[in-house]
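First the structure, in the form of structure tokens, and then the observations on it.
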Amino acid sequence: EVAEIQEQFQSGLVTAGERYNKVIDIWAAANDRVSKAMMDNLQTETVINRDGQEEKQVSFNSIYMMADSGARGSAAQIRQLAGMRGLMAKPDGSIIETPITANFREGLNVLQYFISTHGARKGLADTALKTANSGYLTRRLVDVAQ
């Protein structure tokens with residue numbers, strides 16, 4: 001689908017902005033399909049019943065149970081662990097068109113690892129800024145209360 005959009009762009013049928021938006025939408029939909037298929041696969045397991053026939057039943061997979069109950073993790077984190085990493089953001093906040101199709105279980109190549117560092121760096125910086133900001137607001141609140 002992405003190659004088709006690229007051909008349309010080369011032919012001049014779509015603008016660069018339209019191409020960017022369509023490519024992002026296509027990869028986001030693919031990411032959702034991978035996530036849903038993976039969670040469906042974790043949710044059920046095939047067992048052999050008393051009659052010797054295979055049947056599906058609800059799985060007691062510990063990773064699925066943790067995410068499903070909300071105790072720890074989420075479907076998005078499991079997707080990154082076993083499905084695909086997905087679309088990443090640049091340091092300026094825009095989304096990179098080429099997603100990371102590898103996962104943490106199989107490992108990332110050098111380019112995929114470098115692309116994923118943008119988000120990690122931004123997350124740590126945001127955490128540091130939020131901590132300083134909340135401390136400042138707490139001091140102001142205490143000053144007003146006195």
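List of remarks:
- Any hit, segment 48-59, residues being surrounded by 11 or more Cβ atoms within 10 Å (Cβ to Cβ), in contact with a Leu (Cβ under 7 Å, 6 or more places away or on another chain) and either within 25 Å of ARG85 (Cα to Cα) or free of Cβ contacts under 8 Å to residues at least 24 places away in the same chain (or both): yes
- Scanning segment 99-142 for residues that are at pLDDT 90 or above, closer than 19 Å to SER35 by Cβ and either more than 14 Å from the chain's Cα centre (by Cα) or among the polar types (S, T, N, Q) (or both) yields THR101, ASN103, ARG105, GLU106, LEU108, GLN112.
- Among the residues of segment 90-113, those that are closer than 20 Å to ILE24 by Cβ and assigned to a helix (DSSP H, G or I) comprise LEU111, GLN112.
- Residue in segment 74-84 that is in a helix (DSSP H, G or I), surrounded by 10 or more Cβ atoms within 10 Å (Cβ to Cβ) and without any contact (Cβ under 8 Å) to a residue 12 or more places away in the chain present: yes
- Flag: ALA3 does not match the condition of being farther than 22 Å from THR117 by Cβ, crowded, with 16+ Cβ neighbours inside 10 Å and modelled with pLDDT of 90 or more.
The values are calculated or read from the model by the stated rules, or taken from the named source; none is laboratory data. Since this is a predicted model, take the numbers as computed values, not measurements. Cβ atoms come from the backbone with ideal geometry, glycine included; neighbour counts cover every protein chain shown.
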